[in-house]
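Enquirer: Just passing along the structure, written as structure tokens.
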Amino acid sequence: MTGRRDDGAIEGAALSARGTIALGEGDGAKGAVPPRSPRATSTEIRESEGSSLSHRPVSPPSSPLSPRPVAPNPPPSPCRTHSGTAGHGVRSVAPSGRGGAGGRLVILATLVLVALLAGVAFGAVGIPPERTLAIIGGAVGLAEPVGGPDSTILLYVRLPRVLAAALIGAALATAGTLLQGLLRNPLADPYAVGASAGAGLGATVAFMLGLSTVVLGFGPVPALGFVGALATSALVYRLARVGGAISTTGLLLAGFATSAILGAAVSLLMVLSDPLVSRLRQLVLWMMGGIAVTGWDQLPIVAPAILVGIGLALRLAGTLDALALGEEGAAYVGVDVPAARRSVLLLASLLTAMAVSISGLIGFVGLVVPHALRIILGPAHARLLPAVALGGASFLVVADLLARTVIAPTELPVGAITALVGGPFFLYLLNRSRQAYAF
Amino acid sequence: MRSDGLSTSVAPLLAIHAVSLHYPTGFHLGPLTLAVAPGERVALIGPNGAGKTTLLRLMAGVVRPSAGTVELDRRPLSALSRELIAQRIAVVPQTLQIPFAFTVAEVVALGRTARRWKRAGWQWREGLWRDEQAIAWAMTRTGASAFDGRVFNELSAGEKQRVVLAMALAQEPELLLLDEPTAHLDIRAQLDVLSLVAELQREQRLTVVGVIHDLNLAAQFFNRLVLLSHGQVVADGPPDAVLRDDVLDQVFAASVRVVPHPDHAGPLVVHRRPGIADVRSPIASLPARLP
């Protein structure tokens, strides 16, 4: 049976000495988010195309190849304050990484790398940096392979765990962004359509059954957690359809109700089921969230799935932007809203289910990371989605690092760390906008 | 440009054939038949609840009729994808609530959504350039470029109206549908928006259909009025023909009088003061008054 292992205990047991607690770069990496600059300054004035606009009024052609006859210079609108506006460039919503935004993505990517390195370098068991490099070099083939217990820890415990944390963080943050864009609700997170409750029920049943079969590297708990999450999302979608059409409010309400019902079922099972009594602590630990990968077993499936999922999400960036206009507004600009809703929901559910299967229920990543990056980078999804994936990855890697090292060799649940960071941040968000809260 | 708005010799851009719509709430629209020719400026007028906005939404294709068809250039809207419809029909809705802090430029860029997809690789750069051209033109033309860089939600109603109009224009439509464009605006902004729409219609040879509450604005800026009441078309024609005392009294159940406009040829609808007994003149343009 695969439950959450106490990796700190494993690392501590491999060496008889106590591990050292080193926080070092971890905190610094987490804090190094670029300060927010006024968004108005990122509008660029593009002189080369601007000059052509100011002299020749461009009237939009009727088809890509045949222009309509250009009308003579239109009279200026009486209300317009003519400040050379014809020369203004317009910030494109296309993912072309312009100026500040591109720079910030690079910063975020660097952040991820730093976080990954920190995650690998530090842990319950202290491994000196040069040894870390030697071990990695040996594994990659640049140097002679190194043996020993700390090599095992690094390569088979820590490295997959840190990579898994990065993937889970990216998946949860992306799913949260997708759902916030679809549901247009600041409280939407990856679990808004029932995924967490479904995964919880699946994991509870898995613990109850006490099986030990492993399929494709997935034990019963991750497998049933995944199935539970997906099945519940499908159920919520189906329930929200009652009445012919689906509305976003309907989805939220159905998600909330279903989560409540399934949560009650889990509680009942916890109390009433005999086989669960002995495994209750493990079940609760799973639900509190923690990176539960067993070596490299699950990553070959989870990693490509999550990466492909995030790639698909990037393609939905324009649709998500248009959905901000509302369902009717989005239809007016050409979005097939029912199809878009299905795609977004399916993708978000898959990403969440994959993440949850190997991490239990880690909250706040999917809620807080999109909000924070929206403040910094703006709500345009072409920029936001890649940033959110990188930001979520860093956030969770660092949270997991803290979970492993703060009270080594005891491991704190990662979900508690993310909540301790996420909760105050949310209060800060609430506090900073006294006027109408447009997130 | 036609002066009377009625045309029988040109194929209609938008044709509504015997369309009816039934809502579960009991609201009933139609059956009605209407044709909009290219280049017309049509105003849908009528009392609240007459079905003006519903008719507009039928024209935009976001609502399907229970019976009958709506055709764009002889092709039924139900057979066209949303994307294709959006490339030819743009809507300026009455209100737009955007829960995110999009800037004005980003909102206008949303108008390009229908044209941005499915671009082949080699067309991608050209497509981006065309997007930016269309967005810049739309913003300049509507005056929205004056608030370029500001967050959409922080603008006033009139300013937001300009931005939403720019977004619709960025779609490069042939048919522009306006849902009460003057609803929340002061008189200056009302005149600005409608004269801008009239200018654009002339320049770009757009066809415009607008739902207007203010009868005088409708008479001044539109060359064809369609008066709706209880889901039916009661009158359809140039302002002079549609705005008549008797018709308006009956449809709106209000006391109004139609007098000649002091500044130009055309009708002016004024409220009658309660308590004055008037002899109603059979000729709508001549006021009749007892001392």
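Enquirer: Could you list, in sequence order, all residues of the stretch B:227-238 that are within 16 Å of B:VAL269 (Cα to Cα) and buried (at least 20 other Cβ atoms within 10 Å of the Cβ)?
Expert: The answer is B:LEU227, and nothing else.
Per-residue answers, yes or no, for (1) of a type in the set (A, V, I, L, M); (2) farther than 25 Å from A:LEU155 by Cα; (3) free of Cβ contacts under 8 Å to residues at least 40 places away in the same chain:
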{"residue": "A:LEU280", "(1), (2), (3)": "yes, yes, yes"}
{"residue": "A:VAL284", "(1), (2), (3)": "yes, yes, yes"}
{"residue": "A:MET288", "(1), (2), (3)": "yes, yes, no"}
{"residue": "A:ILE291", "(1), (2), (3)": "yes, no, no"}
{"residue": "A:ALA303", "(1), (2), (3)": "yes, no, no"}
{"residue": "A:ILE306", "(1), (2), (3)": "yes, no, no"}
{"residue": "A:ALA313", "(1), (2), (3)": "yes, yes, no"}
{"residue": "A:LEU316", "(1), (2), (3)": "yes, yes, no"}
{"residue": "A:LEU320", "(1), (2), (3)": "yes, yes, no"}
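Enquirer: Further question on the same structure: Would you confirm whether or not the stretch A:231-240 contains a residue that is in contact (Cβ under 8 Å) with a residue 24 or more places away in the chain and of a type in the set (Lys, Arg)?
Expert: no
Enquirer: Continuing with the same structure: Kindly establish whether B:VAL92 is touching a residue at least 40 places away in the same chain (Cβ under 8 Å) and over 23 Å from A:HIS381 (Cα atoms).
Expert: So B:VAL92 fits the description; yes.
Condition check ((1) surrounded by fewer than 22 Cβ atoms within 10 Å (Cβ to Cβ); (2) within 13 Å of chain B (Cβ to nearest Cβ); (3) part of a helix (DSSP H, G or I); (4) small (Gly, Ala, Ser)) across all residues:
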{"residue": "A:LEU312", "(1), (2), (3), (4)": "yes, no, yes, no"}
{"residue": "A:LEU325", "(1), (2), (3), (4)": "no, yes, no, no"}
{"residue": "A:ILE358", "(1), (2), (3), (4)": "no, no, yes, no"}
{"residue": "A:ILE362", "(1), (2), (3), (4)": "no, no, no, no"}
{"residue": "A:LEU373", "(1), (2), (3), (4)": "no, yes, yes, no"}
{"residue": "A:VAL388", "(1), (2), (3), (4)": "no, no, yes, no"}
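Enquirer: To continue, here is another question. Would you confirm, using the coordinates I've provided, whether B:SER78 is surrounded by fewer than 20 Cβ atoms within 10 Å (Cβ to Cβ), in contact with a His (Cβ under 6 Å, 6 or more places away or on another chain), more than 11 Å from chain A (Cβ to nearest Cβ) and farther than 30 Å from A:PRO186 by Cα?
Expert: Criteria not met by B:SER78.
Enquirer: Limited to the stretch B:160-212, what total is found for residues that are assigned to a loop (DSSP other than H, G, I, E, B) and within 8 Å of another protein chain (Cβ to nearest Cβ)?
Expert: Kept after step one, since they are assigned to a loop (DSSP other than H, G, I, E, B), are these residues of the stretch B:160-212: B:171-174, B:180-186, B:205-206, B:212.
Then keep just the ones that are within 8 Å of another protein chain (Cβ to nearest Cβ); that gives B:171-172, B:174, B:205.
Residues meeting the conditions: 4.
Enquirer: Consider the stretch B:88-114. How many of its residues are more than 7 Å from chain A (Cβ to nearest Cβ) and surrounded by fewer than 22 Cβ atoms within 10 Å (Cβ to Cβ)?
Expert: Within the stretch B:88-114, residues that are more than 7 Å from chain A (Cβ to nearest Cβ) and surrounded by fewer than 22 Cβ atoms within 10 Å (Cβ to Cβ) number 3.
Enquirer: Scan the stretch B:142-159 residue by residue and report those that are more than 23 Å from B:GLU203 (Cβ to Cβ) and assigned to a loop (DSSP other than H, G, I, E, B).
Expert: Residues satisfying the conditions are B:GLY149, B:ARG150, B:LEU155, B:SER156.
Enquirer: While we're looking at this one, here's another question. Residue under question is B:ARG41, and the condition is that it be among the basic types (Lys, Arg), crowded, with 19+ Cβ neighbours inside 10 Å and closer than 30 Å to A:LEU384 by Cα; does it hold?
Expert: On the way: among the basic types (Lys, Arg): yes; crowded, with 19+ Cβ neighbours inside 10 Å: yes; closer than 30 Å to A:LEU384 by Cα: no.
In short, no.
Enquirer: Among A:LEU178, A:LEU209, A:LEU187, which is the only one that is under 30 Å from A:PRO338 (Cβ atoms) and surrounded by fewer than 24 Cβ atoms within 10 Å (Cβ to Cβ)?
Expert: A:LEU187
Enquirer: If I ask for residues that are over 23 Å from B:VAL233 (Cβ atoms) and assigned to a strand (DSSP E or B), which ones from the stretch B:247-261 would you list?
Expert: B:ARG257, B:VAL259, B:PRO260
Enquirer: Scanning the stretch B:140-152 for residues that are more than 7 Å from chain A (Cβ to nearest Cβ) and under 13 Å from B:ALA109 (Cβ atoms), which turns out surrounded by the most Cβ atoms within 10 Å (Cβ to Cβ)?
Expert: Among them, the one singled out is B:ALA144.
Enquirer: Something else: Based on this model, can you work out whether A:THR410 counts as among the polar types (S, T, N, Q), part of a loop (DSSP other than H, G, I, E, B) and either assigned by TED's automatic domain parsing to the domain that holds A:ALA192 or within 13 Å of the chain's Cα centre (by Cα) (or both)?
Expert: yes
Enquirer: For the stretch A:120-131, does any single residue satisfy the condition of being closer than 16 Å to A:GLY290 by Cα and of a type in the set (Lys, Arg)?
Expert: No, because not a single residue in the stretch A:120-131 is closer than 16 Å to A:GLY290 by Cα and of a type in the set (Lys, Arg).
Enquirer: Only one of (1) assigned to a loop (DSSP other than H, G, I, E, B); (2) surrounded by fewer than 17 Cβ atoms within 10 Å (Cβ to Cβ); (3) at the interface with chain A (Cβ under 9 Å from one of its Cβ atoms) is not met by B:TRP129, so which one is it?
Expert: Only one criterion is unmet by B:TRP129, namely (1).
The values are calculated or read from the model by the stated rules, or taken from the named source; none is laboratory data. What you see is a predicted model; the values in this text were computed from it and never measured. Note that each Cβ is placed from the backbone with ideal geometry, even for glycine, and that neighbours are counted across all protein chains shown.
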